[in-house]
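Each value in this text was obtained by applying a stated rule to the coordinates, not by laboratory testing. Note that the structure is a prediction, hence the values are computed from the model and not measured. FYI the Cβ positions are ideal-geometry reconstructions off the backbone, even for glycines, and counts take in every protein chain you see.
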Amino acid sequence: MEIRTFDALGSTNQYCKLLDLKQTEEFTIIWALSQPEGIGQRGNRWESEAGKNLTFSIILHPTFLPPQHQYLLTKVLALGISDYLIDLLSNEAIHIKWPNDIYVDKRKICGILVENHIGQKFESAVCGIGFNVNQSSFSDWIPNPISLSQITGMEYDLQTILEALVTAISERYNQLREGLIDRLDKEYLSRLLYLNERHTYRYLGEEICATITGVNAFGHLLLQTDDGKTIVAQMKEIELLLTGE
Ligand code: BTN
């Protein structure tokens, strides 16, 4: 693992676009202490107080992964980060909110933005991770945020956590390389937030009540509606309507 540390970068994922990724070693980490223009899922901003949290991108070359299985990389990241948290916070409920948000007790501690570069085959992936560590309060517009120090009351050394997170991710990445797909699938599903529970979603602009039943091989969310219909939803099509628990 090579960590390249910067005092400030607009966005670590954007910075990676300036690199010749093919010439960049596997598990090169681009880490910014301050990231004023962080990018989130669905075109949202990722806001993070300077010097308080981890905002970094991991460069990978999953050339062994068929492009149609690219969703497995998302699982690897979500599993690695949740492994780390399960180890650290043994008595807390750690979940993965589809597709790859990490939640502690219904609050989001970590967001992931994967940008894949696929030509004839899988060439590289920029895996952007925003992990809330020492921040003590968040802007009102951020839905359900939480940081590690809000959970435990402790202050953490960012580099130590960064290294532990990347180690946990690399262990899961090795499982992917070894082809342990069933194991990754099962463990991902076992951590999925609201699996087999009925909740309210906005699906294609309409409010619906449905139950998550799984995730298919392409990473699409499977749900069953109250009248027994199966929905296969892509990320842009569906949104969980949080109840503010
Ligand atoms: C989400 O919306 O949940 C995804 C958030 C991803 C944020 C990280 S922070 C490091 C990397 N650089 C970015 O600009 N975004 C990702």
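Please go through the residue pairs Lys52/Lys106; Lys97/Lys236; Lys186/Lys236 and name each one whose alpha carbons sit more than 19 Å apart in this structure.
Lys52/Lys106; Lys186/Lys236
With a cut-off of 14 Å on the backbone N, the residues of region 185-220 near the modelled label site 7 Å out from Ile86 along Cα-Cβ are 185-193.
Sequence-distant contacts, meaning Cα pairs under 8 Å at least 6 residues apart, place the relative contact order of the chain at 16 percent. Hey, which lysines would be in cross-link range of Lys22, C-alpha to C-alpha under 26 Å, not counting anything within fewer than 8 residues on its own chain? List returned: Lys75, Lys121.
For the chain, hydrophobic long helices are taken as DSSP H runs at least 15 Å long by C-alpha position along their axis with mean Kyte-Doolittle hydropathy of 0.0 or more; these are 71-88, 158-177. Compute the separation of the alpha-carbon centres of region 1-73 and region 163-238 and state it in Å as a whole number. About 23 Å separates the Cα centre of region 1-73 from the one of region 163-238. Computed over the Cα atoms of region 8-113, the ratio of the radius of gyration to the Kirkwood radius (Rg/Rh) comes to 0.97.
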